[in-house]
Amino acid sequence: MMVGSFILMHLFILPFPAFYKWTLYLNIHFLFVNVFFLLAATMNPGYVESTKEVSFIKLVEKCDPNFLCPNCSTTYRSDSRHCYVCDKCIGKFDHHCAWINNCVGERNHIVFYIFITSLLAYFFAVLTMGLTKFHATMLKND
């Protein structure tokens, strides 16, 4: 969707003289959005490491069962959860995002929100330019 909007914008909106000054801004913004997309998609979201030294049965005997993950054989905090898509426990688990194909957790929350905010700003800029072009075309036809 990002690449498609970028190509369509360069084909149909930016060639017009009124939008020449926007070209550099939108190209830099597009690069910024994609850098944060790649960071959010590839960063470790805060996987909770399992303890290999202690067996899971010993953990059940000594720890509160509500803070044990039977899938990962690990203990975790109250704000951590097991992601069934990634099949790992994530610290401060927010959600598994299908757009970045990664979990959002304690290590990539900020990067994910910067990505979402910059993406929203990018689409508002493209929408504003498209509506301005449409409005100018409609006034020209009248």
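At-a-glance table
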quantity	calculated
Residue, nearest to Leu8 (Cα to Cα), within the range 110-128, restricted to residues that are at pLDDT 90 or above and buried (at least 16 other Cβ atoms within 10 Å of the Cβ)	Leu119
Matching residues in the range 80-95 - criterion: being closer than 12 Å to Asn108 by Cα and part of a strand (DSSP E or B)	Ile90, His95
Residue that is surrounded by 19 or more Cβ atoms within 10 Å (Cβ to Cβ), at pLDDT 80 or above and either touching a Gly at 6+ places or on another chain (Cβ under 7 Å) or of a type in the set (Gly, Ala, Ser) (or both), where the choices are Ile100, Ile90	Ile90
Extreme residue, modelled with the lowest pLDDT, among residues of the range 59-87 that are among the β-branched types (Val, Ile, Thr) and over 26 Å from the mean Cα position of the chain (by Cα)	Val60
First in the range 7-28 and within 13 Å of Ala125 (Cα to Cα), second anywhere and modelled with pLDDT under 75 and outside any helix (DSSP H, G or I), Cβ under 9 Å, 6 or more apart	Phe19/Ile13; Trp22/Ile13; Trp22/Leu14; Thr23/Leu14; Leu26/Leu14
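The values are calculated or read from the model by the stated rules, or taken from the named source; none is laboratory data. Keep in mind that this is a model prediction, so the values were computed, not measured. Because the Cβ atoms are built from the backbone with ideal geometry, glycine has one as well, and the counts that use them run over all protein chains shown.
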